[in-house]
1. Please report, in debye to the nearest 20, how large the charge dipole of segment 2-78 is about its Cα centre when each Lys and Arg carries +1 at its beta carbon and each Asp and Glu carries -1 there.
2. In what sequence do Leu244, Leu112, Leu184 fall when counting other Cβ within 10 Å, fewest first?
3. Got a sec? Charge dipole of the chain, +1 on Cβ for Lys and Arg, -1 for Asp and Glu; which of Thr183, Ile240, Ile160 is way out at the positive end?
4. In what sequence do Cys53, Cys170, Cys122 fall when counting other Cβ within 10 Å, fewest first?
5. Kirkwood hydrodynamic radius for segment 2-78: how many Å is it when counted over pairs of different Cα atoms?
6. For the chain, which longest stretch is free of loop sites, where a loop site is one of the trypsin sites (Lys or Arg not before Pro) that DSSP puts outside H, G, I, E and B and that has at most 12 other Cβ atoms within 10 Å?
7. Which whole-number percent gives the relative contact order of the chain, counting Cα pairs below 8 Å spaced six or more residues apart?
8. Assign unit charges at the C-beta atoms only (+1 for Lys and Arg, -1 for Asp and Glu), then state the dipole size of the chain relative to its Cα centre in Debye, rounded to the nearest 20.
Amino acid sequence: MNLLIDLGNSRLKWAQHAPGLWHTEAAMLDDEMPSLLDRLWHDMAAPQKVVVCSVSPPRRRRALEQWVQARWPITPQIVRTQAEQFGVKNRYREPEQLGVDRWVALIGARGLTPSAACVVDCGTAVTVDALSAQGEFLGGAVFPGLRLLRDSLVQGTAGISAAEGRADDCLARSTADGVAAGTLYGLAGAVERLIDEYRRTLGETMEIFLTGGEAPALAAHLRVPATLVPDLVLKGLARIADSL
């Protein structure tokens, strides 16, 4: 069994992967990584490989590595962004500057379709990345996710509180609902506009994949067909782990 780990800014996601086995889970992160992992993985059988994709602060990644090495006689393998891997070509001017989570998600998407694709990852930040049918990552956009958008309104204005609102209707009748609706509908509109621009640029049909913690909320408000793949980064890690 391989243990695949997607260590983000706010959530820890993992998969146990072996022939006939694909089991995924997730948890919110806190500052005490050792105690968190003690709670989550105390009865997990020793894996053959541990493969990690991390965009978390280095101290948190190091704490994860130390916990794994203390628990099992395994050195975690940390994935890095490459110029080319698994049929995906990185067209960033400086390929190593592309976030590794975006890179691994593209590898996951390439494993799902040979067609052009757009990968929308809705986490702390939202990334909207274009992948051609030839496997070229052409670039993408990055902007704040729902939580950052809402927090910026609370922190930057005197009249908006941190109350949680509902985004059921864009004609909101309270400030809290207005913030919830405005940020969600605004995010959906931005994603749709980018998808439209990418399609114009590529001149071909694209499959749209949504992933990340806020993807279900976004999916419900998009007007374009999209496939929800919550474990897209983990699927990319599985492809990488099988080659190690």
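No value in this document is a laboratory result; all are computed from the given coordinates. Since the model is a prediction, treat every value here as computed from it, not as a measurement. Quick reminder, even Gly has a Cβ in these numbers, built from the backbone with ideal geometry, and neighbours come from all protein chains shown.
1. In debye, rounded to 20, segment 2-78 gives about 220.
2. Values: Leu244 9, Leu112 15, Leu184 23.
Taking fewest neighbouring Cβ atoms as first place, the list is Leu244, Leu112, Leu184.
3. The residue sitting most towards the positive pole is Ile240.
4. Neighbour counts put them in this order, fewest first: Cys170, Cys122, Cys53.
5. On the way: mean 1/r = 0.0800 Å⁻¹.
Averaging 1/r across every pair of different Cα atoms and inverting gives 12.5 Å.
6. Details: sites that count: Arg80, Arg93, Arg166, Arg173, Arg223.
By the stated rule (loop sites, at most 12 other Cβ atoms within 10 Å), 1-79.
7. On the way: 432 pairs, mean separation 43.6, N = 244.
Once divided by the residue count of the chain, the mean separation gives 18 percent.
8. The calculated dipole for the chain is roughly 360 debye.
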